[in-house]
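Remarks on the structure that follows.
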Amino acid sequence: MYPGYTGSMSSPHVTAEQLKLWRAPRIDPPIPRSWPIPEMDRPTVERRLMACLLVGESDIACYTEVFEPFLDDGEGHVLIPPQKLEEYAQALLTSRRAYAKEIGIEGCRGNLVCAFEALERTGIIAYPDGNWCGIPEEGPEDGATRYGYVSLSAESAEALLLYDAAQLHCGTFSDTGEVSDQEIHDADCAIIQNRIIPVLEGHGVEVKWNGTAVDFPLVTNTGFFAIP
């Protein structure tokens, strides 16, 4: 299951209010006041924990590592036992998952996910899980007509989860035979302008693009989210 997609095609659409609640700073349970974290550093720790939650991080170690620089005794030892840190991190994740159910965001789909599904139906293959980087050489050998691709790199997926703004990699496949660079550029632009952007905008995604394949389109209002 990739970020921003926790249900099926019949699942409800995530609302603006749900996204607002989901992205609002919320560290529950609060960091124990008894932990010797300098008061001036607590907001920084909370921001880093919130960033882990927003990107859907489920690895306990990523949360415990947030604390370590702020609980160092100066001799390389952490002032809070590892078990206590792990227990807190697990409580944080449990609370976050319960909150997803409470606000009804679990099982919802956002604008970008809906657009990806629609693009697949129109001959644009989608790589939405943040694991693809670069330009695909060719489409899948499934007999279907494929005009091009749209994909999220890991960096773009993280940017969407944190800031709801990122460039979307898209265009034609690189294995286009004996054609010039200009022809490839023109084909990329045509795919982006005529087949990709209309579908994105038709599903509520806001797109900014300068009309050249040198720069990928910037997308916002994606409704992209992840539950750890």
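Pairs are defined by a Cβ separation below 8 Å, a sequence spacing of at least 6 or placement on different chains, a first member in the range 55-69 that is touching a residue at least 40 places away in the same chain (Cβ under 8 Å), and a second member that is surrounded by fewer than 16 Cβ atoms within 10 Å (Cβ to Cβ) and assigned to a helix (DSSP H, G or I); the pairs so defined are 55/162. Scanning the range 80-94 for residues that are surrounded by 16 or more Cβ atoms within 10 Å (Cβ to Cβ) and either in a helix (DSSP H, G or I) or not assigned by TED's automatic domain parsing to the domain that holds residue 34 (or both) yields a total of 5.
The number of residues in the range 67-79 that are touching a helix residue (DSSP H, G or I) at 6+ places or on another chain (Cβ under 7 Å) and at pLDDT 90 or above comes to 2.
The single condition among (1) over 28 Å from residue 15 (Cβ atoms); (2) surrounded by 14 or more Cβ atoms within 10 Å (Cβ to Cβ); (3) among the aliphatic types (A, V, I, L, M) that residue 40 does not meet is (2).
Tell me, please, whether a residue that is buried (at least 17 other Cβ atoms within 10 Å of the Cβ) and within 18 Å of the chain's Cα centre (by Cα) can be found in the range 22-35. Yes, the range 22-35 has at least one match.
Within the range 162-197, being part of a helix (DSSP H, G or I) and crowded, with 23+ Cβ neighbours inside 10 Å holds for 192, 196.
Inside the range 78-124, can you point out the residues that are over 20 Å from residue 17 (Cβ atoms) and either basic (Lys, Arg) or free of Cβ contacts under 8 Å to residues at least 12 places away in the same chain (or both)? Matches in the range 78-124: 78, 81, 83, 84, 87, 94, 120, 121.
Taken as a whole, the structure leaves residue 201 outside the set of residues that are in a helix (DSSP H, G or I), at pLDDT 90 or above and crowded, with 16+ Cβ neighbours inside 10 Å.
Checking the stated criteria, residue 50 turns out to be closer than 23 Å to residue 165 by Cα and either assigned by TED's automatic domain parsing to the domain that holds residue 22 or modelled with pLDDT under 95 (or both).
The values are calculated or read from the model by the stated rules, or taken from the named source; none is laboratory data. No experiment lies behind these values; they were computed from the predicted model shown. Please note: Cβ atoms are built from the backbone with ideal geometry, for glycine as well, and neighbour counts cover all protein chains shown.
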